[in-house]
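Computed from the coordinates by the stated procedures, all read-outs in this text should not be read as laboratory data. Bear in mind the structure is a predicted one, so any value in this text is a computation, not a measurement. Don't worry about glycine lacking a Cβ; one is built from the backbone with ideal geometry, like all the others, and counts go over all protein chains shown.
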Protein chains: 2
Amino acid sequence: MSFTTSEENYIKSIYHLQQETGLVNTNSLAAEMQTRAASVTDMLKKLKTKKLLQYEKYKGFKLNEAGKKAALEVVRKHRLWEFFLVEKLKFDWDKVHSIAEDLEHISSEELIHRLDNFLGNPSFDPHGDPIPDKHGKIPVINQQSLSDIPLKKPVTVSSVSNQTPQMLEMLKHYNIALGTSITVLKHFEFDGSLEVKVLKQSSCIISEQVAKNVFVHYVN
Amino acid sequence: MSFTTSEENYIKSIYHLQQETGLVNTNSLAAEMQTRAASVTDMLKKLKTKKLLQYEKYKGFKLNEAGKKAALEVVRKHRLWEFFLVEKLKFDWDKVHSIAEDLEHISSEELIHRLDNFLGNPSFDPHGDPIPDKHGKIPVINQQSLSDIPLKKPVTVSSVSNQTPQMLEMLKHYNIALGTSITVLKHFEFDGSLEVKVLKQSSCIISEQVAKNVFVHYVN
DNA sequence: TAATATTTTTAGATTTGTCTAAATTTTATT
DNA sequence: AATAAAATTTAGACAAATCTAAAAATATTA
């Protein structure tokens, strides 16, 4: 089955929302898609006709298995293209999202297969988000927010949940990127900020707000 | 000024046709675009409104300077993506056209600029067609059909005008690609076929039909 | 040059995706 | 439970891109 760009965008947004809330409602999808509730209802009818959706009028909705499969294909394409843009074309990570939004709708299995190989079959995109494989399988990583890590346990940065230019600017300043090794030295009660040691650098202090958005896993 | 995918496709087709014939007429554009004459007329009105077209009802039409500039931007994107698909993703050249037809409509100047650099600012695409630079300037190459080359003058393959899988299959068989050095040894009157020597191979015979579609330039 | 054929354009319809405004259903609050 | 508020859907409209069928303009030819 193939989908229009618009259908794919709806499918992707529903997928993201239902990860959070289980059932999705019309208004929140309208907000996510920056459109009107009426437009959402129109599209829900189409997606239900295409048997991608569990949907009862006025009751909320979510993707069924076929819908989730479709969503994961789009997510896969999006993240592979983001990886390409950052790793090969040297874009800053905060510039790639909108371009990948276009690239993800190009429908050639062969293209994605070859792109995947060209990139070395990456498991995570430049923000640390997992890239589903061609069967829709998502690599799992046991990660926690840096703000929840006990003192003196070395960890490695695995993803960043805030992907704005402002966050990028901060992380560049601290010289923190995916894969960077960090140890938390001290937790300040006053404002929740952390003193951390970044490998090969002198220790520094990062705010609670930054720490919350940096996800890490323990070094094996 | 920005254009819809449909507008860009029309602009590109008009550009190709007017290279051949100067003025373009409705029916030939409809044939090229695989659509109906009525649809062409509708689009011509839009393109005229956008001041891309010299167009008088019933008289034929062609792109003006602004239209040509727009066309060359699309051609540039198309050919850069084809280069990427063949050189980086290792597609066969006859498989890349339709994918590049989609990629060419992605509108990010930054993307194309970076892609161009990543590819090493190529001047010719995998079929030997010139890639316009960002100002729309087209590299020229003084090429002739292999069928018109005198005997014993070494030449280099610069482009192939028939880009079908069938042609690709033949050229692969002969081990001929862009950049291959060839010398014509003999011209057979009977059917116009040529005996040629491909560098580092024993001589072989190619049909007039193949030779006509292989374009070459003299070795400097 | 008058009749015929061809080409091109117009008129009106269709599809997709969107919208506003109104109606309906559900939820929350006295 | 009645009423108000919020959420959702329907009804009807619009723009883009296409189509068919018919009309208009141009070209061909007998």
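Under a plain spin-label model, where a point goes 7 Å from the Cα along Cα-to-Cβ, how far apart in nm are A:Val219 and A:Glu109?
Label at A:Val219, label at A:Glu109, 4.4 nm between them.
Over region A:32-122, with a single point scatterer placed on each C-alpha, what log10 of the ratio I(q)/I(0) does the Debye formula yield at q = 0.18, 0.26 1/Å?
Treating every Cα as an identical point scatterer, log10 I(q)/I(0) equals -0.89, -1.26.
With each run of n ≥ 4 DSSP H residues scored as -39500 (n - 2.57), what mean residue ellipticity at 222 nm is computed for chain A after dividing by its residue count and rounding to the nearest 500 deg cm²/dmol? Intermediate results must be reported in sequence, preceding the final value.
Values: 8 runs with 94 residues, N = 220.
Here the helix-only value at 222 nm equals -13000 deg cm²/dmol.
For region A:66-73, just list the computed ³J(HN,Hα) in residue order, Karplus coefficients 6.51, -1.76 and 1.60, θ = phi - 60°, integers in Hz, with x standing in for Gly and Pro.
My calculation for region A:66-73 gives 4, x, 5, 4, 4, 4, 5, 5 Hz in order.
Taking θ as phi - 60°, what are the ³J(HN,Hα) couplings along region A:148-162 by the Karplus curve (6.51, -1.76, 1.60), each to the nearest whole Hz, with x for Gly and Pro?
These are the phi-based 3J(HN,Hα) values: 9, 8, x, 5, 6, 9, x, 9, 10, 5, 10, 6, 10, 8, 9 Hz.
Just to verify a number: FRET efficiency for B:His16 and A:Asn64, C-beta to C-beta distance, R0 = 35 Å, to 0.05?
Values: r = 45 Å, r/R0 = 1.29.
So, using R0 = 35 Å, E works out to roughly 0.20.
Please list the non-local residues whose amide H lies under 5 Å from the amide H of B:Ser193, H modeled 1.01 Å from N, same-chain partners needing a gap of 5 or more.
B:Phe188, B:Glu208
Below 15 Å, Cα to Cα, which aspartates and glutamates can A:Lys68 reach? Residues fewer than 8 away in the same chain don't count.
Partners within reach: A:Glu7, A:Glu8, A:Glu20, A:Asp133.
How big is the charge dipole of the protein assembly as shown about its Cα centre, in debye rounded to the nearest 20, if each Lys and Arg gets +1 on its Cβ and each Asp and Glu gets -1 on its Cβ?
Result for the protein assembly as shown is approximately 300 debye, rounded to the nearest 20.
How do A:Leu178, A:Leu199, A:Leu85, A:Leu44 rank when sorted from fewest to most other Cβ atoms within 10 Å of their own Cβ?
Placing the least packed residue first, the sequence is A:Leu199, A:Leu178, A:Leu44, A:Leu85.
Take the Cβ-Cβ distance between A:Arg36 and B:Lys90 as r, set R0 to 35 Å, and report the resulting FRET efficiency rounded to the nearest 0.05. If you can, show how the numbers build up before the last one.
Values: r = 45 Å, r/R0 = 1.29.
So the FRET efficiency works out to roughly 0.20.
Once you've got the Cα coordinates, tell me which of B:Lys51/B:Lys137; B:Lys45/B:Lys134; A:Lys77/B:Lys48; B:Lys48/B:Lys77; B:Lys12/B:Lys152; A:Lys88/A:Lys137 are over 32 Å apart.
A:Lys77/B:Lys48; B:Lys12/B:Lys152, as the Cα separations exceed 32 Å there.
Roughly how large, in nm² to one decimal, is the mean projection of the convex hull of the alpha-carbon atoms in region A:143-205?
Averaging across all directions leaves 4.3 nm² for the Cα convex hull.
What FRET efficiency do you get for A:Asn121 and B:Lys45 if R0 is 45 Å and r is their Cβ-Cβ distance, rounded to the nearest 0.05?
Computed FRET efficiency for A:Asn121 and B:Lys45 comes out at 0.40.
HN-Hα J couplings of region B:119-126 from phi, Karplus 6.51/-1.76/1.60, θ = phi - 60°, integer Hz, Gly and Pro as x?
Per residue, the Karplus-derived 3J(HN,Hα) values read 7, x, 6, x, 9, 9, 7, x Hz.
Points 7 angstrom from Cα along the Cβ direction at B:Asn142 and A:Lys212: gap in nanometres?
Each label point lies 7 Å from its Cα, and together they span 7.0 nm.
Can you tell me the equivalent ellipsoid semi-axes for the protein assembly as shown? Use √(5λ) from the Cα gyration tensor, largest first, whole Å.
Rounded to whole Å, the semi-axes are 50, 30, 21.
Would you calculate the convex hull of the Cα atoms in region B:90-220 and tell me its volume per residue in Å³? Write down the numbers at each step before the final one.
Values: hull volume 16.4 nm³, N = 131.
Roughly 125 Å³ of hull volume per residue.
Could you work out, for region A:4-67, what percent of all Cα-Cα pairs fall into each 10 Å distance bin, beginning at 0 Å and stopping at the bin that holds the largest distance?
24, 66, 10
As I understand it, the dipole of the protein assembly as shown uses +1 on the Cβ of Lys and Arg and -1 on the Cβ of Asp and Glu, about the Cα centre. Which of B:Asn9, B:Gln201, A:Gln201 lies farthest toward its positive end?
The one lying farthest along the dipole's positive direction is B:Asn9.
Using all C-alpha to C-alpha distances in chain B, build P(r) with 5 Å bins and read off the rounded percent in each one.
1, 6, 13, 16, 15, 14, 13, 10, 6, 4, 1, 0
Hey, rough spin-label estimate for B:Asn162 and A:Thr164, points 7 angstrom out along Cα→Cβ, what's it come to in nanometres?
Using points 7 Å along Cα→Cβ, the separation is 6.0 nm.
Charges at C-beta only: +1 for Lys and Arg, -1 for Asp and Glu. How large is the resulting dipole of region A:62-145 about its Cα centre, in Debye rounded to 20? Intermediate values should be presented prior to the final figure.
On the way: 12 positive and 15 negative charges, 44 e Å.
Value, rounded to 20: 200 debye.
Please name which of B:Val96, B:Gln143, B:Asn64 has its Cα lying farthest along the dipole of chain B towards the positive end, using unit charges on Cβ (Lys, Arg +1; Asp, Glu -1) and the Cα centre as origin.
About the Cα centre, the residue reaching furthest to the positive side is B:Asn64.
Taking loop as defined by DSSP and a crowding limit of 12 other beta carbons within 10 Å, which chymotrypsin sites (Phe, Trp or Tyr not before Pro) in region A:171-220 fit?
Of the chymotrypsin sites (Phe, Trp or Tyr not before Pro), the ones in loops of region A:171-220 whose Cβ has at most 12 other Cβ atoms within 10 Å are A:Phe188, A:Phe190.
So how tilted is helix B:5-21 from the main axis of chain B? Cα-based, degrees 0 to 90, rounded to 10.
Tilt of helix B:5-21: around 60 degrees.
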